[in-house]
Amino acid sequence: MTYKKSNFILFRPDSGQVIANLEAAYDQWHEARRTLASLPTSMFWQPKGEVEYLAVKKGGYDSGTTKGVRSTETEALYDSFVAEKALAKSRAAQADALIEQRALQYRALRLPVMLDKQGELLRALDIEGLLRNDLLVVGTNAFAAYEVLCGVKFPAGNEPTQDFDLAWCRGSSVSLARLAPDSSVKGRKTLMGVLQSIDSTYRLSRKKPYQAVNSAGYEVELLAAPSRAPLPKNEAFEPMVSLVEQEWLLCGKPAFVVVATQRHRACPLYVPDPRWMAVHKLWLAKKPERNAQKKPKDARQGQVLLDACRYFLADAYPLDIDFVLDLPEELRDLFNDWAQAAQYEPPNS
C-alpha cells in the first residue's frame, strides 16, 4: 500500500512556531536541570569540637566529604554553591511555567503528544545525558517525532503503545548529538538507575534481560546492534546483540524533537533517521521470527513513513540515488518494491 499526499493532514500554519517555542522553553528547563544535577546535593557547616568544617554531599547516600575548616575560601565556596543552586532552581521553575503555557497552546492545535510516564522517563534520561548520546527512541514512540518533522498528521503508524523501546547508540555516528555531555563524569546513572529513580519497582525480567518491567506491568526494552556490544559493565540490561537490524537504525541523520505530553509537560524525542526507520519497519514486516500480530503494523509504519519522507522531507532526508545505494541488498529490494508501487523514481543527488 502507498499513501497519497492528500492522505496526510497538514498542521495549522501557526503550528511550526508553537512547536519551536515549546522546544526553546524545554531547552531552558533542560539547561537549568542539568546545572542542578551537576551540583552537590547539599553543602553545610559541620561542627567538630570548636571548629566548623565545610561538608559536601554529592548524593542521597553520600555521608559527606570535608572541604576544609571554615575560612574565607570555604565560605566563598559555600556562598557560590548557594547562589548557583538558587539561580538554577529559579530558572527551572520559570521554564516549567513557560513549558506549561506553551504546551497548552500546543495541545490546542491537536499536535502529536506522548504519555506523561514516557515524558518523565525521557526527561530524566536527557538530564542524565543518556538520551541524545547513548540512547535513541525507536519503535512506535518515535512516530510522534516524525509527524512533527513532517508537519503533518499521518494516516497510520502513530498508534498508542503501552511499552517503550530504546536503542543503544554510543560510539556510532548517531552519538554526535547536540548538548552531548561528558561521558566520563563519575557517578552518572545507568538506564536502570534512571528507571528506578522514577519508579523503584522497575526490575529486569528474568526471561528477557533486555526488558525492565514495573509493578504496573509497563515495559521498557533496551535493544543493541552487534557493533555496540558490549555495553558498559555497570549497565544492568543485557540486550540481544544478535539483532543485525538494529545496525540500520544507527545510519543517516538522527533527529531531535520536543513534543508535549498529555498533562502539558515537555517530552524530548531523539529518533533515528526516518528513511532508515521506514525500511527497517518494512523489513520487520517480512522477518520470519517476528510476531505475526505485529507485522501488519510494521508494514503500515514503513509505508507511511517512506511516503512522508517523499512528500515532506525531500530536502532534509532525500530518497535519492545516494540513499538507495547506501542500503544493504535486503533493504534495497524492499525499497524498490515500494518505489515501484508508489511510482517513485529516486532523483540524482
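Below are the figures for this structure:
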| item | result |
| --- | --- |
| Residue that is farther than 20 Å from LYS5 by Cβ, modelled with pLDDT of 95 or more and outside any helix (DSSP H, G or I), where the choices are VAL241, VAL257 | VAL257 |
| Spans of helices (runs of 4 or more DSSP H) in the stretch 57-164 with at least 2 residues among the polar types (S, T, N, Q) | 72-108 |
| Those residues of the stretch 223-238 which are among the hydrophobic types (A, V, I, L, M, F, W, C) and either part of a helix (DSSP H, G or I) or at pLDDT below 90 (or both), in sequence order | ALA229, LEU231 |
| The stretch 283-325: number of residues that are within 18 Å of ALA225 (Cα to Cα) and either touching a helix residue (DSSP H, G or I) at 6+ places or on another chain (Cβ under 6 Å) or outside any loop (DSSP other than H, G, I, E, B) (or both) | 3 |
| Restricting the stretch 294-332 to residues that are in contact with a Leu (Cβ under 9 Å, 6 or more places away or on another chain) and more than 22 Å from LEU149 (Cα to Cα), the residue that is surrounded by the most Cβ atoms within 10 Å (Cβ to Cβ) | LEU331 |
| Members of the stretch 187-210 found to be open to solvent by less than 20 Å² (accessible area, probe 1.4 Å) and within 17 Å of the chain's Cα centre (by Cα), listed by number | LEU191, MET192, VAL194, LEU195 |
| Residue list for the stretch 57-78, restricted to those being closer than 28 Å to LYS189 by Cα and at pLDDT 90 or above | LEU77, TYR78 |
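Per-residue answers, yes or no, for (1) open to solvent by less than 10 Å² (accessible area, probe 1.4 Å); (2) modelled with pLDDT of 95 or more; (3) under 24 Å from PHE8 (Cβ atoms):
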position	(1), (2), (3)
SER90	no, no, no
ARG102	no, yes, no
LYS117	no, no, no
GLU128	no, no, no
ALA142	yes, yes, yes
ALA145	yes, yes, yes
CYS150	no, yes, yes
LYS153	no, yes, yes
ALA156	no, no, yes
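The values are calculated or read from the model by the stated rules, or taken from the named source; none is laboratory data. Predicted, not measured: the structure shown is a model, and the values here were computed from it. Cβ: placed from backbone, ideal geometry, glycine included. Neighbour counts: every protein chain shown. Surface accessibility is based on the protein's heavy atoms, side chains included, excluding ligands, DNA and RNA. Shrake-Rupley method; radii C 1.70, N 1.55, O 1.52, S 1.80 Å.
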